[in-house]
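For reference, the structure is listed below as structure tokens.
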């Protein structure tokens, strides 16, 4: 059996919090920064990183309150807080211009970052998310509110994850295990619990997802090549909004992933082909 390549797990203190990131690829190659979604962690990008690590330097961060990153002591979980962490991470690592990939919540963080640092971006990939909130955001909040607090085993947790997500269920078992370990940890009593800050979950349940700032003006003036990845069965990004985004962007491209809901894994053939084009030209 072939041993799969693994990232280096590293930490930085950013805005007073110890944040973790996973590093892949060659340090002298094209920098690619990845930001995950609300129920995810840096491991969400492992499958993609293995496919592009020969030509990229990939940094996938655990957003504050997620994965192995620290929890905010003052419940600072607005998009501005998260985008501020991203900006500080890039600066501390000494990265100049780079490609930014954001999935779902990570895409909003990416757009907020782009609103302030557009000149730093060589390319942008927004995975199944847009400036306007759609119905699926409420569905995700409800799902997190109602999910079990813990599980008797990792296998039980993975079975639950398959039941609530056809996209997860369709992934190879090794990918399922990796991504599950990114969002769950074993307690001393042997049970497996979510790594996300409970205060973060409570905040979103009570108030809904953080308000998105006006982001259409950012897209309309964004100079870099930008790909909008859209799962055609998504309830978080509609076809109408995806097409409006591409029309608004000076250099926009729509990457449709047929038969997939929220959110594509970024290793679907249409996405890999699009990323190949992007990475070869930026």
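Details
- For the Cα trace of the range 1-119, dividing Rg by the Kirkwood Rh returns an Rg/Rh value of 0.95.
- Considering only Cα atoms, the convex hull volume of the range 20-60 works out to 53 Å³ per residue.
- DSSP bridge pairs, the chain: antiparallel proportion in percent, nearest 5: 40 percent
- Residue of 88, 49, 263 that the Gaussian network model of the chain assigns the largest fluctuation, springs spanning Cα pairs under 10 Å: 88
- Ranked packing of 217-224, 119-126, most packed first, by mean Cβ within 10 Å: 119-126, 217-224
- Stokes-Einstein diffusion for the range 225-264 at 10 °C, viscosity 1.306 mPa s, with a Kirkwood radius from C-alpha pairs, works out to 160 µm²/s.
- Secondary structure note: in the range 1-72, about 65% of the DSSP beta bridges are antiparallel.
- The range 143-220: mean projected area of Cα convex hull, nm²: 7.3 nm²
- Taking 64, 251, 139 as the candidate residues, the one with maximal mean-square fluctuation in a Gaussian network model of the chain, Cα springs under 10 Å, is 139.
- Projected over all directions and averaged, the alpha-carbon convex hull of the range 165-276 occupies 9.6 nm².
- Whole-angstrom Cα spans of the range 144-187 along principal axes, big to small: 25, 20, 15
- Mean Cβ count within 10 Å, highest first, over the residues of peptides 76-84, 167-175, 39-47: 39-47, 76-84, 167-175
- Note on the range 52-203: Rg/Rh from C-alpha atoms, Kirkwood Rh, equals 0.97.
- Length added when fully stretched, residue 186-residue 10, from 0.36 nm per residue minus Cα-Cα: 61.3 nm
- Fluctuation leader among 90, 236, 271 - the chain, Gaussian network, Cα springs under 10 angstrom: 90
All of the numbers you see were taken from the coordinates with simple rules; none came from a lab. Treat the numbers as computed from the prediction; the structure is a model and nothing was measured. Neighbour counts are summed over all protein chains in view; Cβ atoms, including those assigned to glycine, are modelled from backbone coordinates with ideal geometry.
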